[in-house]
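Below you'll find the structure, written out as structure tokens, and then a few comments.
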Amino acid sequence: MTDYSNSKPSVWFWVISIVAFIWNGMGVYQYLIKAYNTEGFRSQYTTEQLEVIAGVPAWATAAFAIGVFGGLIASGFLLLRNKLATIFFVFSLLGVLVHAYHNHFVIDSVAMMGSTAAVFTGIVIVGAVLLLWYSKYATRKGWLR
């Protein structure tokens, strides 16, 4: 059996980790401007869309928070080369999936926002799955302790 305990991660590990941290940081930013209902947030939507957003149930808002904060924490653990990244990427993926369920099956965001909503949701889900997979891969390679 190979001892990977002293394995140094590749340059790509650091690139992916930094991009993941920035990506999830942008998600946290989106959550915060929504939570604080900033002018910048309100300017992105019509009055009808804002009314729907204002009626989002607590479980969907919690899923959004778990998705983005879980992803940011996981990305931080990835940068610290800590195995806890995988656990937090699991939480993040679960939050993303629950939030996507709400957006596409409860409020039909495609009808409200257009097909871009479905495309972006797909990108977020694929990204969350890939980051979870990558954290498991990095653990197998011995890059995470």
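The values are calculated or read from the model by the stated rules, or taken from the named source; none is laboratory data. Bear in mind the structure is a predicted one, so any value in this text is a computation, not a measurement. Here Cβ is always computed from backbone atoms with ideal geometry, including for glycine, and neighbour counts include all displayed protein chains.
Which is closer than 30 Å to GLN44 by Cα, free of Cβ contacts under 8 Å to residues at least 40 places away in the same chain, surrounded by fewer than 17 Cβ atoms within 10 Å (Cβ to Cβ) and touching a helix residue (DSSP H, G or I) at 6+ places or on another chain (Cβ under 6 Å), of VAL119, VAL126, VAL96, VAL110?
The match here is VAL110.
Just name the residue that is nearest to ILE87 (Cα to Cα) out of those in segment 111-145 that are touching a Leu at 6+ places or on another chain (Cβ under 9 Å) and among the aliphatic types (A, V, I, L, M).
Only one residue fits best here, namely LEU132.
Hey, among PHE69, PHE13, which residue is under 18 Å from ARG140 (Cβ atoms) and either surrounded by 12 or more Cβ atoms within 10 Å (Cβ to Cβ) or out of contact with any Gly (no Cβ under 7 Å at 6 or more places or on another chain) (or both)?
PHE13
Would you check if ALA58 is loosely packed, with under 15 Cβ neighbours inside 10 Å, hydrophobic (A, V, I, L, M, F, W, C) and either closer than 17 Å to VAL19 by Cβ or more than 13 Å from the chain's Cα centre (by Cα) (or both)?
yes
Only one of (1) over 19 Å from VAL19 (Cα atoms); (2) not in a loop (DSSP other than H, G, I, E, B) is not met by THR86, so which one is it?
Unmet for THR86, out of (1) over 19 Å from VAL19 (Cα atoms); (2) not in a loop (DSSP other than H, G, I, E, B): (1).
Does ALA111 qualify as being over 16 Å from TRP23 (Cα atoms), assigned to a helix (DSSP H, G or I) and at pLDDT below 95? Let's see the steps before the verdict.
Working: over 16 Å from TRP23 (Cα atoms): yes; assigned to a helix (DSSP H, G or I): yes; at pLDDT below 95: yes.
So ALA111 passes the test.
Does at least one position in segment 23-31 carry a residue that is in a helix (DSSP H, G or I) and more than 15 Å from the chain's Cα centre (by Cα)?
No, the conditions are met nowhere in segment 23-31.
Hey, can you tell me all the residues within segment 50-80 that are in contact (Cβ under 8 Å) with a residue 60 or more places away in the chain and over 30 Å from PRO9 (Cα atoms)?
Correct list: VAL52 only.
Going through segment 32-64 one residue at a time, which ones are under 19 Å from TYR101 (Cβ atoms) and among the aliphatic types (A, V, I, L, M)?
Across segment 32-64, the qualifying residues are VAL52, ILE53, VAL56, ALA58, ALA60, ALA62, ALA63.
Which condition from (1) touching a Phe, Trp or Tyr at 6+ places or on another chain (Cβ under 7 Å); (2) at pLDDT 95 or above; (3) over 26 Å from TYR134 (Cβ atoms); (4) not hydroxyl-bearing (Ser, Thr, Tyr) is the one that ILE53 breaks?
In the conditions (1) touching a Phe, Trp or Tyr at 6+ places or on another chain (Cβ under 7 Å); (2) at pLDDT 95 or above; (3) over 26 Å from TYR134 (Cβ atoms); (4) not hydroxyl-bearing (Ser, Thr, Tyr), ILE53 misses (2) alone.
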